[in-house]
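Data block below; observations after.
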Amino acid sequence: MSRRALGTLRQGVELEEGLTAPADVKLKKQSAKTALVEITIHEGRKRQVRRMFAAVGLPVDELGRRRYGPADRQEPGARRIPELTGEEVEALRRAGEQVAGEVAVRTRARL
């Protein structure tokens, strides 16, 4: 995992449908052949993380989702019971509005 690849992921990656929003990326552990990376994206495009890493020339062997916006998951692969609370639904709505606003600002800045 090079500094250049980390920097590109942090700035946003050009995908087929356009530039991604900048991601928060932390290199947690690295060996000669593998790296453990924590990435927080602010969009939800199809297979986005895998495609972002492919764009910087890095394969993804394993991928695990830890959060959906402000809603935490209990265990990998676990289903949440009970369903989302009203507070969580409202927090997700606000998060979506914030991301939409940031994307609009970035789009205007590129024009």
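Any idea how many residues of the range 45-78 are modelled with pLDDT of 65 or more, charged (D, E, K, R) and surrounded by fewer than 14 Cβ atoms within 10 Å (Cβ to Cβ)?
Quick first cut of the range 45-78, residues modelled with pLDDT of 65 or more only: 45-69.
Next, only the ones that are charged (D, E, K, R) stay: 45-47, 50-51, 61-62, 65-67.
Those left that are additionally surrounded by fewer than 14 Cβ atoms within 10 Å (Cβ to Cβ): 46-47, 50, 61-62, 65-67.
Count: 8.
Under 7 Å between Cβ atoms, at least 6 apart or on separate chains: pull out the pairs that start in the range 78-89 with a residue that is on the phi > 0 side of the Ramachandran plot and end on any residue that is assigned to a loop (DSSP other than H, G, I, E, B) and at pLDDT 75 or above.
Short answer, once both residue conditions are applied: none.
When you check residue 9 against the structure, is it open to solvent by 80 Å² or more (accessible area, probe 1.4 Å) and either of a type in the set (Phe, Trp, Tyr) or at pLDDT 90 or above (or both), yes or no? So that I can check it myself, show each step before the final result.
Numbers: open to solvent by 80 Å² or more (accessible area, probe 1.4 Å): no; either of a type in the set (Phe, Trp, Tyr) or at pLDDT 90 or above (or both): yes.
So residue 9 does not fit the description; no.
For residue 26, state whether it is out of contact with any Cys (no Cβ under 6 Å at 6 or more places or on another chain), part of a strand (DSSP E or B) and either modelled with pLDDT of 90 or more or of a type outside the set (A, V, I, L, M, F, W, C) (or both). Before the answer, list the steps.
On the way: out of contact with any Cys (no Cβ under 6 Å at 6 or more places or on another chain): yes; part of a strand (DSSP E or B): yes; either modelled with pLDDT of 90 or more or of a type outside the set (A, V, I, L, M, F, W, C) (or both): yes.
Taking the combined requirement at face value, the residue satisfies it.
The values are calculated or read from the model by the stated rules, or taken from the named source; none is laboratory data. Nothing here was measured: the structure is a model prediction, and the numbers come from that model. Glycine also receives a Cβ, built like all others from the backbone with ideal geometry; neighbour counts cover every protein chain displayed. The protein model used for the area step is the full one, side chains on, heavy atoms only, and it has no ligands, DNA or RNA in it. Shrake-Rupley method; radii C 1.70, N 1.55, O 1.52, S 1.80 Å.
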